[in-house]
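Throughout, read-outs are computed from the coordinates displayed, never taken from laboratory work. Note that the structure is predicted; figures quoted are calculated from it, not measured. Every residue, glycine among them, receives a Cβ derived from its backbone with ideal geometry; neighbour counts consider all protein chains shown.
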Amino acid sequence: MQALLLRIAITLCALPLAETARAQAVGAFEVRFDAAAFTAPFTGPIFVAFSEEGEPRRGMHSWFNPPPVLRFDLADVASGSSVTLTPSDAAAHHPLDWASVSTGKWRVQAVARLSATGRQAGLGVGDAYSAAVEIEYEPSAAQKVLLSIETAVEPEPFEESERVKLFEHTSPALSKFHGFDYALRAGVLLPKDHDKDRRYPVVYSVTGFGGSHTGIRRWESRVTDSVLDDCIVVVPDANNRYGHSVFCDSASIGPWGHALVNELIPALEKEYGGAGAAQRYVTGVSSGGWSSLWLQVTYPETFAGCWSHVPDPIDFHDFQQIDLYTPLEDGTPRNMYVDENGEKRPLARRGGEVMLTAEQFIRREDVLNPGGQIRSFEGTFSPLGEDGTPRRVFDVETGAIDHEAAKAWRKYDISHVLLTGWDALEPRLGGKIHVYAGEVDTFYLEGAVERFQGLAREAGMLDAMHIEVVPGMAHSRHRPGHEAMIETIAKRARATD
C-alpha cells in the first residue's frame, strides 16, 4: 500500500505517513503532472477514481456497482506543475449526487487519458497514472492529498507458445484515416501439428464488448479434441478509442471492415496457410455477434458461414426496447431513459430482477467517455458532428432521442439491409446465416432478433437462414449453435479432402 503524502503547513516528521493519513481528513486533490510522464502541456480529461481496495483506475470501469469517480477537463497544464482540484471543479462525476459519497477510508488515484487509441482511461498504452493512495475522505476538509501522475501504461506482453501466436499488421486504410500508423492485432491459435505447407479452414471469432485479441487463450480449451483442432482460429482486436469497432466502415472511426477483410485477413492467411473463402467462417458473441453477422452480410463472398450469438441490436426499431426511428404518436421524441409511460427503462437484468437502468448506465458512461458501450454505437454508426466527435442520437441530460440523427444509422441496420436487399443477397447468403438470441437476454437484445425473425418469416426468407430465439437463455453463447458450426466445418473439410 502506498504511503499518503500530505502537503501541510506544519512538519509532522515524527509521525509515520500512515498515521498522518488517519490524522488528517482530505477534501481536495493536488494533482502533479510529473515531467517524466508529460513532455508537453496537457490538455484533456483527468480522472480521480475511488475504490475500497485495489487500483481505482481498474475498478472505475466496472458496469455494476461502480465506485465513485470524478472527471476534470483541463487545458494547457504545464509539465512539472500541479493543480488543486475539488469535487465542485469536476466537469462530471458519478454518482450524480456527489454528496452521497460516504466519508471515511478510500483509495484514490489520478488518471490522465493520453492514448489516441485506448478504450479505457488509465488502461490504454500511453495513459498515465499516479500511485493509489489511502485517504480519510471528508468533503468539507481543507487538506489535500498529493497525487503525482508519473507512471505510463506499458503494453502488456503477449506470451506466445507453439500454437498461440500474436499477429500484428499496420493498416494502410486506418493509418490514412487517423493520420498515424494504426496497428491491428489478432490472437491466432494454430492447428495441432501445424504444417506451413498445408491449407486450413479459418474461424474468425469476434469478442464481445471489452474483449480483445487476448481472448484467443479461451479457445485453447474450446478446440481440444474437436474439428477445430485442425483449424486456424483467429480473435481480432476490435477495440478503439470509442469502444468496439464492430468491424464496419465508419465515418467517425474509420474503415475497420475494409482493414480486416482486405488487409489483415489476406496477410494473416498468407502467413499461416488459410484455405480461402470457401472454408473461412466468422462467429461472435454480443458485440461480436453483431460484428460477425455484419461481416457476413457485408462481405457475402468472403465468409462461408456466420454463427452469431446474442448479437447487439440488429434492428434499430428495437434498440434494447427503444424505437430509434419513430417519435411517439403525438410527435414528441422517444426517450432513452424513460418509456412512453414515464417508467425508467431497464438496461440489464438477471432473471426478473433489474440490475441497471439505462440512465444509470449512460450517466456513468458519460463521465468516462469516450469508450463506453452506448457511445461506441454512436462512434461506429454516426457521422462526425460539428464538434468533430461522433454525432449523438440522444441528449445525455434529458434522454430525448434525436430521431433525425438516428436516420444515419439505417445503413448499419442489419434487419433493414437484409429485408430490403434480399433478392440480390439471397444467392450469395443462402444457408450462411445462423443467429441465436436468448429469450431472456441480460441486456434485452432478443427483441430486435424477434422483430427481424417475424418480418423475415412474412417475406419467406427463413428457409435460407437460421434465426432462433432460445427459450430460457440469457446472454451467452448457444452451445448447440456452436456445435452446429463445428459440424459444418467438418463436413466441408471432408468434402475438400
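A simple spin-label model places the labels of residue 125 and residue 76 3.3 nm from each other, with each point 7 Å out along Cα-to-Cβ. Put a dot 7 Å past the Cα of residue 181, heading toward its Cβ, do the same for residue 97, and the two dots end up 5.2 nm apart.
Remark: the stretch 198-206, residue by residue, has Karplus-estimated 3J(HN,Hα) of 8, 10, 10, x, 10, 10, 9, 10, 9 Hz, where x stands for each Gly or Pro and the curve is 6.51 cos²θ - 1.76 cosθ + 1.60 at θ = phi - 60°. Taking a ≥ b ≥ c as the square roots of the eigenvalues of the Cα gyration tensor, an a/c ratio of 1.5 or more together with a/b larger than b/c marks the stretch 172-269 as prolate. Applied to the stretch 277-294, the Karplus parametrisation 6.51 cos²θ - 1.76 cosθ + 1.60 on θ = phi - 60° returns per-residue 3J(HN,Hα) values of 4, 5, 10, 10, 10, 9, 8, x, 10, 6, 4, x, x, 5, 4, 5, 5, 4 Hz, with x for Gly and Pro.
Please give me, ordered by residue number, the trypsin sites (Lys or Arg not before Pro) of the stretch 198-231 that lie in loop per DSSP and have at most 12 other Cβ atoms within 10 Å. Passing both the DSSP loop test and the Cβ count: 198.
Close amide H pairs (under 5 Å, H built 1.01 Å from N) link residue 391 with 384, 385, residues at least 5 positions away or on another chain.
Distances between placed amide hydrogens fall under 5 Å for residue 147 paired with 30, 31, 32, all partners being 5 or more residues away or on another chain. Taking a straight line from the alpha carbon of residue 192, these aspartates and glutamates sit under 16 Å away, with near neighbours fewer than eight places off in the same chain left out: 160, 162, 220, 225, 229, 230. Amide H contacts for residue 345 (H built 1.01 Å from N in the peptide plane; partners 5 or more residues away or on another chain; cut-off under 5 Å): 338, 339, 358, 359. DSSP beta bridges confined to the chain are antiparallel in about 65 percent of cases. As a calculated quantity, the FRET efficiency between residue 395 and residue 193 at R0 = 60 Å, using C-beta atoms, amounts to about 0.55. The stretch 157-191 and the stretch 368-407 have Cα centres spaced 29 Å apart. Phi angles of the stretch 382-394 translate, via the Karplus equation with coefficients 6.51, -1.76, 1.60 and θ = phi - 60°, into HN-Hα couplings of 8, x, 5, x, 4, 8, x, 10, x, 5, 7, 9, 7 Hz per residue; Gly and Pro are given as x. For Cα extents along the principal axes in Å, the value calculated from this model appears in (1) 82, 63, 41; (2) 69, 56, 44; (3) 90, 63, 37 under label (1). Against the chain, whose longest principal axis comes from its Cα atoms, helix 479-496 is set at around 50 degrees.
Estimated from the Cβ-Cβ distance and a Förster radius of 25 angstrom, the FRET efficiency linking residue 469 and residue 353 is about 0.75. Once each part is reduced to its C-alpha centroid, what is the distance from the stretch 52-120 to the stretch 454-497 in angstrom? The distance from the Cα centre of the stretch 52-120 to that of the stretch 454-497 comes to 44 Å. Take the Cα of residue 340, step 7 Å toward its Cβ, do the same at residue 277, and the gap between the two points is 4.4 nm. Relative to the longest principal axis of the Cα atoms of the chain, the long axis of helix 358-368 lies at roughly 60 degrees.
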